[in-house]
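The values are calculated or read from the model by the stated rules, or taken from the named source; none is laboratory data. No experiment lies behind these values; they were computed from the predicted model shown. Positions of Cβ are generated from backbone atoms using ideal geometry, with glycine treated the same way; all protein chains shown enter the neighbour counts.
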């Protein structure tokens, strides 16, 4: 069932479990995510990126997600991930998103405050939640490319001021995770041995200053134990995309290699969807989202 994100994220679940926000851009990914949620009896957030909307078409992708969500036996909320285009956010709110993220973290602090306040004023009048980011998440996603470092992590005192002034509903924090898959530019190979690390001390300090639910982006590369530990510090949402993509692509490539005679896209894509679902189910178990409905 399609529900408002406020039905999933509340003060009663903080510190106990978290809800994954899974990215999608097509039918197969959406099916795998929804099937995983139903198998685990878990509430989930399905989110779109700007790039996904450009790839699939706004009405087309939103219509697909809403259809699958309405038919599902578990509660599903629709959220827009990183977006710096106020006009696009307005359109998505009109299309039924219950939560949107205005990402002005690339701007000077005062400008970030100003734009975020404008989005909050517009969204709250329509009953829609707003997420914003303070600090910068490392890695690449759509229009962003953040390469370093320690000084870009979220400052606890500044976070408290930001939340108080903007009245946002959830805060995305930069605490060590990263977007995408790191690639060594010297050899143009994926750094598969790199493990991300959440700065739990910084997260604990933020929790002391900020009482609204926190969001960790780029959670795919974070070890399971650290994801579990972060839940204790009011992280209510973990954004997960890359792990799903890796599982899907690995299974698809293997199927193509093993069965070069298959020409039916449905038979080629089905095992990839199954592999994606398996990873999504694992994340639901790690975040203790399973059996929370």
Taking segment 204-228 as the region of interest, how many residues are touching a helix residue (DSSP H, G or I) at 6+ places or on another chain (Cβ under 6 Å) and part of a helix (DSSP H, G or I)? 6
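Can you name the residue in segment 103-116 that is part of a loop (DSSP other than H, G, I, E, B) and in contact with a strand residue (DSSP E or B) (Cβ under 6 Å, 6 or more places away or on another chain) and, of all such residues, is nearest to residue 48 (Cα to Cα)? Working first, answer last.
So in segment 103-116, the residues part of a loop (DSSP other than H, G, I, E, B) come out as 103-108.
Retained after the next criterion (residues that are in contact with a strand residue (DSSP E or B) (Cβ under 6 Å, 6 or more places away or on another chain)): 103, 105.
Values: 103: 14, 105: 19 Å.
Among residues in segment 103-116 that are part of a loop (DSSP other than H, G, I, E, B) and in contact with a strand residue (DSSP E or B) (Cβ under 6 Å, 6 or more places away or on another chain), the one nearest to residue 48 (Cα to Cα) is 103.
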How many residues of segment 117-141 are at pLDDT below 95 and outside any strand (DSSP E or B)? The answer is 3
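Kindly indicate whether residue 219 is more than 17 Å from the chain's Cα centre (by Cα) and at pLDDT 90 or above. Please lay out each step first, then the result.
Numbers: more than 17 Å from the chain's Cα centre (by Cα): no; at pLDDT 90 or above: yes.
For residue 219, the condition - more than 17 Å from the chain's Cα centre (by Cα) and at pLDDT 90 or above - is not met.
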The condition from (1) touching a strand residue (DSSP E or B) at 6+ places or on another chain (Cβ under 9 Å); (2) at pLDDT below 95 that residue 150 misses is numbered (1)
Within segment 31-57, work out how many residues are assigned to a helix (DSSP H, G or I) and surrounded by fewer than 23 Cβ atoms within 10 Å (Cβ to Cβ). 12
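For the condition in a strand (DSSP E or B) and touching a helix residue (DSSP H, G or I) at 6+ places or on another chain (Cβ under 6 Å), what is the one hit in 238, 248?
Working: 248 fails: in a strand (DSSP E or B).
Selected residue: 238, the only one of 238, 248 that is in a strand (DSSP E or B) and touching a helix residue (DSSP H, G or I) at 6+ places or on another chain (Cβ under 6 Å).
Given the structure, is residue 242 within 15 Å of residue 217 (Cα to Cα) and either in contact (Cβ under 8 Å) with a residue 40 or more places away in the chain or buried (at least 22 other Cβ atoms within 10 Å of the Cβ) (or both)? Talk me through it step by step, then tell me what you get.
Details: within 15 Å of residue 217 (Cα to Cα): yes; either in contact (Cβ under 8 Å) with a residue 40 or more places away in the chain or buried (at least 22 other Cβ atoms within 10 Å of the Cβ) (or both): yes.
Yes.
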Can you name the condition, by its number, that residue 63 falls short on among (1) over 18 Å from the mean Cα position of the chain (by Cα); (2) buried (at least 19 other Cβ atoms within 10 Å of the Cβ); (3) not in a loop (DSSP other than H, G, I, E, B)? (2)
Against the definition (at pLDDT 95 or above and part of a helix (DSSP H, G or I)), how does residue 78 come out, yes or no? no
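State the number of residues belonging to segment 71-91 that are surrounded by fewer than 21 Cβ atoms within 10 Å (Cβ to Cβ) and over 18 Å from residue 105 (Cα atoms). Write out each step before concluding.
Pass one, segment 71-91, residues surrounded by fewer than 21 Cβ atoms within 10 Å (Cβ to Cβ): 71-74, 84-88, 90-91.
Restricting the remaining residues to those that are over 18 Å from residue 105 (Cα atoms) gives 71-74, 90-91.
Residues flagged as surrounded by fewer than 21 Cβ atoms within 10 Å (Cβ to Cβ) and over 18 Å from residue 105 (Cα atoms) within segment 71-91 amount to 6.
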Of the conditions (1) in contact with a strand residue (DSSP E or B) (Cβ under 7 Å, 6 or more places away or on another chain); (2) under 17 Å from residue 42 (Cβ atoms); (3) part of a loop (DSSP other than H, G, I, E, B), the single one that residue 288 does not satisfy is (1)
Among the residues of segment 1-25, count how many are in contact with a strand residue (DSSP E or B) (Cβ under 8 Å, 6 or more places away or on another chain), closer than 24 Å to residue 126 by Cβ and part of a loop (DSSP other than H, G, I, E, B). 6
Could you list, in sequence order, the residues of segment 81-102 that are in contact with a strand residue (DSSP E or B) (Cβ under 6 Å, 6 or more places away or on another chain), part of a loop (DSSP other than H, G, I, E, B) and in contact (Cβ under 8 Å) with a residue 40 or more places away in the chain? 98
